[in-house]
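Working notes, structure below.
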Amino acid sequence: MDVIEELASLRVVPVVTIEDPGQAVAVAEALAAGGLPAAEVTFRTDAAVEAIARIAEALPDFLVGAGTVLNPDMARRAVEAGARFVVAPGYDPGTVAWCQYHDVPVIPGVDTPSEVMAAKAQGLTVLKLFPASVLGGPTFLKALSGPFSDVRFMCTGGVRPSNEAEYLSQPNVLCVGGTWLTPADALAEGDWARVSQLCREAKAAGL
């Protein structure tokens, strides 16, 4: 199974911001114990590269990717650390080109039909809709499904337990991503049981 289909099979992808790379493996193990053995580790802290590297080395079967990737250099550092896919909040042709050249699955963010068309022109049919709730959520997804019937979306930004199922019911949604699975206070306290339980609940809602 390739990376994109792995994400599709999971339906829900934890989006994780790690402050302490020493916690990285424990976070990943808690996600896996809850039935979601994957994470988009965001480049919102200086710990991202080391966190990705630790997870990739300790848990080779865990699907670790990099999020908030803004340019080709960030993509390179993420992939060299062990990231198996790259997610960006917006559409940067240079980052997409770098990932394609190095055969790395890349999911750039889009928020307009014009950006969808630009991404399709680069050969992409899996894109990130961000910030999904601000853009109109499921209503916007329905509107996009007409002209872009071959495009599937990873939706993040405003996805939460109360609307997760509505997003996933849309035929053009590959998966959703969420930070609610790894609350900052749970990570600060090392409450891995809570993280696992949140994953179990999200996985059940996504079936």
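Table for the structure above
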{"quantity": "FRET efficiency for Ala58 and Ala204, using Cβ-Cβ distance with R0 set to 30 Å, rounded to 0.05", "calculated": "0.65"}
{"quantity": "The chain - charge dipole about Cα centre, Lys and Arg +1 at Cβ, Asp and Glu -1, debye rounded to 20", "calculated": "520 debye"}
{"quantity": "Neighbour net charge for Ala205 - beta-carbon separation under 11 angstrom, K R +1, D E -1", "calculated": "+1"}
{"quantity": "Environment charge of Ala53, counting only residues whose C-beta is closer than 11 Å and scoring Lys/Arg +1, Asp/Glu -1", "calculated": "-1"}
{"quantity": "Calculated FRET value between Asp73 and Trp180, using beta carbons and R₀ = 30 Å, to 0.05", "calculated": "0.50"}
{"quantity": "Calculated from backbone phi, Karplus (6.51, -1.76, 1.60) coupling profile of the range 143-155 in Hz, x at Gly/Pro", "calculated": "5, 6, 5, x, x, 10, 5, 9, 9, 10, 10, 9, 9"}
{"quantity": "Antiparallel DSSP beta bridges within the range 83-207, as percent of all bridges there, nearest 5", "calculated": "0 percent"}
{"quantity": "Cβ charges +1 (Lys, Arg) and -1 (Asp, Glu), total dipole of the range 161-207, debye", "calculated": "160 debye"}
{"quantity": "At R0 = 25 Å, FRET efficiency that the Cβ-Cβ distance of Ser169 and Met117 yields, to 0.05", "calculated": "0.45"}
{"quantity": "Cα-based convex hull, the chain, per residue volume (Å³, whole number)", "calculated": "104 Å³"}
{"quantity": "Per-residue Cβ neighbour rank within 10 angstrom, fewest leading, Met117, Met1", "calculated": "Met1, Met117"}
{"quantity": "Those trypsin sites (Lys or Arg not before Pro) in the range 29-115 that DSSP places in a loop and that have at most 15 other beta carbons within 10 Å", "calculated": "Arg44"}
{"quantity": "Selection of GluC sites (Glu not before Pro), the range 17-75, meeting DSSP coil and at most 15 other Cβ within 10 Å", "calculated": "Glu19"}
{"quantity": "The range 17-26 - phi-based ³J(HN,Hα) in whole Hz, Karplus 6.51/-1.76/1.60, Gly and Pro as x", "calculated": "10, 10, 8, 10, x, x, 8, 4, 5, 4"}
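Each reported figure results from applying straightforward, stated rules to the coordinates on display, with no laboratory input. Since the structure is predicted, the reported quantities are computational estimates derived from the model, not experimental observations. We place every Cβ from the backbone using ideal geometry, glycine too, and count neighbours over all the protein chains shown.
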